[in-house]
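Asks: Attaching a single structure in structure tokens format; questions to follow.
Read-outs: derived from the displayed coordinates by stated rules, not from any lab. Please read these numbers as outputs of a predicted model, since none were measured by experiment. Neighbour counts are summed over all protein chains in view; Cβ atoms, including those assigned to glycine, are modelled from backbone coordinates with ideal geometry.
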Amino acid sequence: MSHSGFDSHMPDTCIYCSRPGPFTDEHVFCAGLGGDDNTFLLRELVCKKCNEETFSPLEAAFLRASPEAIGRAFLQTHGRKRSGKARATEAPLLQCTTTSVLLPDSDEPVEAVFGRGGVVSILPKFILTGNNMGSRAATSEDLAVFCHELISYLSADELVAIRKEHASGGASFVVTTYIFSCDKYIESSSSVLRKAPKTGFWIECSGGELEPEEMRRTELVRNSNGHTVVRLKNEGELSGLLGRLRKNIFVFEQIAGKKVDGDTVVNPLVSISVQSNLDARSRVLAKIGINLCAFVMGKNFVCKEGFSDMKKKILLGQEEIALQNILLDEQSAEFLKIFDLVQKSKHFVSIMLVPMQSGTNKLSMFMRIFGGAFIHIVLAENLPHQPNFPIFLEVDYNLHQLEIFNLAEFSSKYSSAVMSKMHSERGRRQN
């Protein structure tokens, strides 16, 4: 399908904010979602400020924490290409707030990390309760590596503890230095920093009063970021805990030197928690629709007044974008059932003009990402009739290849499948 591209008689301004530039290339379809196809770029249409300061952070939030991010982690084999790299990046990651696995021998979920390709690995951990110590890890090698890290920390005469604090002005870090003297660690200094040190162990406190030593539960875990984390009830316990761990450093040396069974489970029951950014999700999906219209119809079309409200919502995020999820069933519109013929291994987008009683048209977008439910967004209203609609887009998200069709091209590609579906529907109704 041909496209209008750039309209030379339009002023050199951004289609989103109307600034005069400078401009940067904008992918028609989100590159990290499988749209890294340099044939489909908006050139000289989106300014650098919109692209880098608004759209890039929005897409990053959307790609790491959204319903689509879950599908991306399991189904997309690699992310976008990076400048200076000939090959695409590794399989995408999902940003989980918590991940846990239920093991047959455990009464409580075991902490894990959700890795690339949906692979779940149990985090290496030591649980200390009084004088008893238990451990968890995916493999004995993981546990040995963690032991060596703990040995390195506890052999030093100066330790740095980092505790993250949240405030209205953003995160800060309480950094405390401990000095080993007279067989114990003594707090030497403490300061609040805006940026965390690169080395040190992290403190997480659950709060509450100090318990008798024989009842205290403490956890030492290597988290998904590779940080060594000490979890305890009250930071007042820390100095004594560090001293006891140093005296018993030989225990970690023994564990590191022997092979222990890892916690490997086939098809485990996994629980993940994802804090979705629904605002970023709706804004990114709506932007895909505006971009596609700009690519096919040109700058003149998307600069019509009917697009103003949606572009303002995308840019500022101050007003909610109405987004409707549609599951296909017997009552679904026939055109949606036909769209379902598109392989679920591809993203699919359709944009069409819908006549209104006022004599104008609204512009509706239907999209399906990773074979999920159809998503409906009204991109614009009060538009005149345009002969080039509907527009269809298919995205092979593993090959990063896009293909755009007009109605005739889409019908030609799927005509045999449409006829087969119609015959099947007719036979089902007769029976």
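Asks: How big is the dipole moment of region 98-269 about its Cα centre under a simple scheme where the beta carbon of each Lys and Arg is +1, that of each Asp and Glu is -1, and everything else is neutral? Debye, nearest 20, please.
Replies: On the way: 19 positive and 23 negative charges, 110 e Å.
Dipole size: approximately 520 debye.
Asks: Quick one: work out Rg over Rh on the C-alpha atoms of region 98-269, Rh as Kirkwood radius. Mind showing how you got there, number by number?
Replies: Numbers: Rg = 16.6 Å, Rh = 17.2 Å.
A ratio of 0.97.
Asks: Once the dipole of region 98-269 is set up with Lys and Arg at +1 and Asp and Glu at -1 on Cβ about the Cα centre, which of Gly207, Pro197, Ser224 lies farthest towards its positive end?
Replies: Positive-end residue among those listed: Pro197.
Asks: Using 0.36 nm times the number of residues separating Thr39 and Arg19, minus their current alpha carbon distance, what extension gain do you get? Show your work: numbers first, answer last.
Replies: Details: separation 20, 0.36 × 20 = 7.20 nm, distance 2.50 nm.
Here the segment from Thr39 to Arg19 would lengthen by 4.7 nm.
Asks: Structure shown: which of Lys125/Lys247; Lys195/Lys247; Lys198/Lys312 lie over 30 Å apart, alpha-carbon to alpha-carbon? Walk me through the intermediate numbers first.
Replies: Details: Lys125/Lys247 19 Å; Lys195/Lys247 32 Å; Lys198/Lys312 40 Å.
Distance filter (> 30 Å) returns Lys195/Lys247; Lys198/Lys312.
Asks: Any idea how far apart Thr129 and Glu165 come out in nm if each label point goes 7 Å out from Cα toward Cβ?
Replies: 3.3
Asks: Right, another one. Round to the nearest 0.05 the FRET efficiency obtained for Glu305 and His376 when R0 = 22 Å and r is the Cβ-Cβ distance.
Replies: Details: r = 22 Å, r/R0 = 1.02.
FRET efficiency, Glu305 to His376: 0.50.
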